[in-house]
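The numbers here are math on the coordinates, done by the rules we state, and not lab data. What you are looking at is a predicted structure, and each value in this text was computed from that prediction instead of being measured. FYI the Cβ positions are ideal-geometry reconstructions off the backbone, even for glycines, and counts take in every protein chain you see.
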Amino acid sequence: MEGDAFFAAKFFLTWTAPGLARLPILEVFTVKVKILVASIVMAGLVSPAFAATYYVVQNSKTHKCSVSTSKPSAKSKTSVLVGDAGYKTKKEATDAMGGATECKTST
């Protein structure tokens, strides 16, 4: 275990990109840490986009339901959330919309 950590540290400190070859080792390490931190931050910011949540929303004026990716706010006067939770897929939300009594239109 100790050898693996040493190898990783040695690799991290000695591997350099072509443009970083002329910098002192401490500056190269600092640049690598900044790149690593920036990569982790970007991954954290992008990952919620892959976990989209779908909501069944009813227009309070027309009483028509639709599937939306944004949850209506409590202060919204035109959109009302149908049900109490979001759905992981659009198909689940569409199925829930078909079964919701608020979304049944009477003619």
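Of the three principal axes defined by the Cα atoms of segment 55-103, the extents in descending order read 26, 19, 14 Å. A simple spin-label model places pseudo-atoms 7 Å from Cα toward Cβ; at K34 and T62 they are separated by 5.1 nm.
Short-range pairs are left out: with C-alpha atoms under 8 Å and at least six residues apart, the relative contact order of segment 55-103 is 42 percent. Distant-in-sequence amide contacts of V82, defined by a placed amide H-H separation under 5 Å and a gap of 5 or more residues or a different chain, comprise V56, V57, Q58.
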